[in-house]
Amino acid sequence: MAKKVAVLVVNPVNGFGLFQYLETFFENGIPFKTFAVAPATHIKTNSGINLQTDDVVAHLKGHEHEYDALVFACGDAMPKFSENAGSPENQAMLSVIKAFGDKGKLIAGHCVGALMFDIAGIAAGKRVALHPFIKLAVNSAIGTDELSVVDDNLYTAQTENTLWTLMPKLVEALKA
């Protein structure tokens with residue numbers, strides 16, 4: 001039976017990246033639920049398309065045990081995070097990421113996902129793929145130039161344009 005996935009959706013989200021995850025999960029029978037990193041379930045893509053998530057990240061906090069894996073769907077994550085790092089939504093997101101990491105659960109992300117994993121304290125000493133512009137921003141993770149990297153429970157890709165290199169490995173792990 002496939003693992004159940006919680007998908008963190010930042011606001012605004014990169015629709016191309018998000019839809020790659022969701023379509024792949026749907027097509028492979030991998031159950032998932034989307035959680036907005038926002039105060040409400042109504043969010044937008046970077047290009048302004050309105051989306052409705054299943055729930056908000058605040059409701060995932062404390063329920064991490066109900067999921068086997070976590071996916072971080074990137075968008076304008078860094079600018080919005082830096083503007084609102086102390087917001088309840090961002091603090092809940094970091095708490096959820098840390099809880100999944102502390103339990104050794106599978107965690108995937110692209111673009112700045114690896115940086116968020118680093119900030120949450122779960123990527124120390126692990127090799128990660130992340131957007132080339134933020135490679136030097138990671139503190140305890142080991143930023144690489146690879147299109148995608150799997151290191152233990154962390155599955156990372158540089159950008160939404162390189163997710164295709166990660167998805168087969170991610171699907172295999174989620175179906176195992």
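The mean sequence separation of alpha-carbon pairs under 8 Å and at least six residues apart, normalised by the residue count of the stretch 1-82, gives a relative contact order of 44 percent. One chain, two ends: GLU23 and ASN50. Fully extended at 0.36 nm per residue, the span grows by 8.0 nm beyond their Cα-Cα distance. Each Cα pair under 8 Å and six or more residues apart adds its separation to the average, and for the stretch 35-123 the resulting relative contact order is 29 percent.
Amide H to amide H distances under 5 Å link PHE32 with VAL5, where only residues 5 or more positions off or on other chains count and H is placed in the peptide plane. Fewest-first ordering of ILE43, ILE49 by other beta carbons within 10 Å of each residue's beta carbon gives ILE49, ILE43. Taking a Cβ cut-off of under 12 Å around GLY29, the surrounding Lys, Arg, Asp and Glu residues balance to a net charge of +2, with basic ones at +1 and acidic ones at -1. Normalised Debye scattering of the chain at q = 0.12, 0.17 Å⁻¹ gives log10 I(q)/I(0) of -0.45, -0.99, counting only Cα atoms as equal scatterers and leaving out solvent. Cα centroids of the stretch 11-46 and the stretch 126-172: 19 Å apart. Filter the cross-link list LYS61/LYS169; LYS61/LYS98; LYS4/LYS126 down to pairs whose alpha-carbon distance in this structure exceeds 22 Å. Over 22 Å Cα-Cα: LYS61/LYS169; LYS4/LYS126.
P(r) tail for the stretch 1-76: Cα pairs beyond 19 Å make up 29% of the total. The helix-based estimate of mean residue ellipticity at 222 nm for the chain, built from -39,500 (n - 2.57) per DSSP H run of four or more residues and divided by its residue count, is -10000 deg cm²/dmol to the nearest 500.
Take each peptide in 132-138, 121-127, count the other Cβ atoms within 10 Å of every residue, and average; sorted highest first, the result is 121-127, 132-138. When only Cα pairs below 8 angstrom with a gap of at least 6 residues are kept, the chain shows a relative contact order of 22 percent.
Where a number appears in this text, it was derived from the coordinates with a stated rule and is not lab data. Values in this document were obtained by computation on a predicted structure and should not be read as measured data. Positions of Cβ are generated from backbone atoms using ideal geometry, with glycine treated the same way; all protein chains shown enter the neighbour counts.
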